[in-house]
Amino acid sequence: MSTDRFQAPDYYQLDELYTDEQKLIRDTVREYAKANISPIIEEYAQRAEYPRHLVPGLAEVGAFGPYIPVEYGGAGLDQITYGLIMQELERVDSGIRSAASVQSSLVMYPIWKYGSEEQKMKFLPKLAKGEMIGCFGLTEPDYGSNPSGMITNFKDQGDHYLLNGAKMWITNSPIADVAVVWAKDESGRIHGLLVERGMEGFTTPETKDKWSLRASVTGELVFDNVKVPKNNLLPGKSGLGAPLSCLDSARYGIAWGAIGAAMDCYDSALRYSKERIQFDRPIASFQLIQKKLAEMITEITKAQLLTWRLGVLREEGKATTAQISMAKRNNVDMALKIAREARQIHGGMGITGEYSIMRHMMNLESVVTYEGTHDIHLLITGMDITGIPSFRNDGK
Ligand code: TGC
Ligand code: FAD
């Protein structure tokens, strides 16, 4: 890959809305990513390998649990800073942001919110330092958009629980030390269990041959009569609302992350169009190219404003699930469209690893599906404004 010459677009002077600390942390992560991730990411994506050696550096710049309180090893930062960190990571690759958002919002968040004091002290500091990797198991082979139907279940065996079932499409499962697993008890109520590597009957086969998120590792979680100690159950919350509340936090981070991917595609397309000569003129001089670029910066700017406001609401504890859905859906769709247009502007070069465009485009095909598909988020908005859920034919 060529040298990372990224310059962040800020058409509406959003920087004036950020505090000095927020900008400092964002710029630190940006510089870290330029120096450490950009030079190697294409090679790792081509090899379909997660660059695990980055974990200590990512931990150092605060990528794991940025908003988790300092007493549990987090950085105690605000929600906008969390968003800006996700933006800078996804600016280089959605897979790197994925690893950070799973660790932060899908593993550390539920342990922090719903875990016992003992669980918090055992797991959170190590997860924050990257000494432990976590994953989140909600999706099953037959239950993706509809997790309430999950089959994975556990039975009370007196001094332990017996866990059976399987999860699929789990980011980081093959390298995880601990999995936050959502499973039903004998009455059908959903609970979170902390399943640790090494527990007998627990395996994590890798999902191979992905064309998307190749620098992120994905796999299954298989539970064959796994004995889970009783104190590994998250005591603070049960029901589907528990995993869904974690998704709020992760989807919020993705809304920011997608802006990063879009900014990178736009920045690259703008630069390339000024340097590439056809018909004796830079292609940036053609109206059709300018239309593409002008539409890109318009959409990025709208997404930046939407997401900044969402960050303020989230920091105040007022952001709703539906508001988060709107931002996740809008921003990922926007980034995907921008990646496709940027690919056109780069002509044939756009399909090569010389530029990050095609990698972003392929990555975003997962991002538009995971954490709630594009259409599920639209239906969440529909439900919010009409008061009528349309997920099931019976209207329930
Ligand atoms: P529904 O009846 O609407 O809700 C069930 C219960 O949950 C409550 N609830 C929430 N509570 C807290 N926070 C939220 N955001 C909540 N949303 C809902 C709700 O009040 C209710 O409570 P109660 O007490 O009445 O029981 O549930 P539903 O079964 O109708 O489903 C609704 C739907 C379709 C929106 C939901 O299931 C959904 O969001 N589906 C999409 C599934 C999804 O997003 N999966 C993501 C898996 S994780 C992942 O993809 C990680 S990718 C990681 C990476 O690499 O970055
Ligand atoms: P389905 O739910 O089968 O959906 C298929 C299609 O049907 C979609 O277009 C969907 O929008 C549509 N559809 C479904 N229901 C409706 C409806 N009611 N109305 C209209 N259309 C509908 N999950 C985890 O738990 N943890 C992870 O770490 C994780 N990481 C992932 C990493 C990757 C790379 C990928 C690809 C997925 C990951 N997922 C993870 C799973 C992800 O959350 C699911 O893929 C997603 O929720 C969609 O589920 P599904 O793939 O089963 O699709």
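Would you work out if the stretch 14-128 is rounded, prolate or oblate? Take a ≥ b ≥ c from the square roots of the eigenvalues of the alpha-carbon gyration tensor; rounded if a/c is under 1.5, else prolate when a/b is larger than b/c, oblate otherwise. Here the stretch 14-128 falls in the oblate category. Computed over the stretch 356-396, the range of Cα coordinates on each principal axis works out to 43, 18, 11 Å, biggest value leading.
Using 0.36 nm per residue of separation minus the Cα-Cα distance, give me the extension gain between E365 and E316 in nm, one decimal. Kindly include the intermediate steps, with their values, before the conclusion.
Numbers: separation 49, 0.36 × 49 = 17.64 nm, distance 3.17 nm.
Extending this stretch completely gives an extra 14.5 nm.
On the basis of the beta-carbon distance and an R0 of 35 Å, R189 and R309 show a calculated FRET efficiency of 0.45. Counting only alpha carbon atoms, the long axis of helix 241-275 and the longest principal axis of the chain meet at about 20°. Its Kirkwood hydrodynamic radius, worked out from the mean inverse distance over all distinct Cα pairs, puts the stretch 134-232 at 13.5 Å. Exposure proxy ranking for C135, C265, based on other Cβ atoms within 10 angstrom of each Cβ and starting from the fewest, stands as C135, C265. Which entries of K208/K337; K129/K328; K274/K337; K210/K274; K113/K302 have Cα-Cα distances beyond 24 Å here? Over 24 Å apart, Cα to Cα: K208/K337; K129/K328; K210/K274; K113/K302. Of the residues K274, K230, K184, the one that moves most in a GNM of the chain with alpha-carbon contacts below 10 Å is K274. Label separation (I385 vs I277): 5.0 nm, computed from points 7 Å beyond Cα along the C-beta direction. Checking the cross-link pairs K126/K167; K184/K230; K120/K155 against a 20 Å limit on the alpha carbon distance flags K126/K167; K120/K155 as lying beyond it.
Taken together, the values in this text are just the output of simple stated rules run on the coordinates, not laboratory data. Keep in mind it's a predicted model, so treat the numbers as computed, not measured. Because the Cβ atoms are built from the backbone with ideal geometry, glycine has one as well, and the counts that use them run over all protein chains shown.
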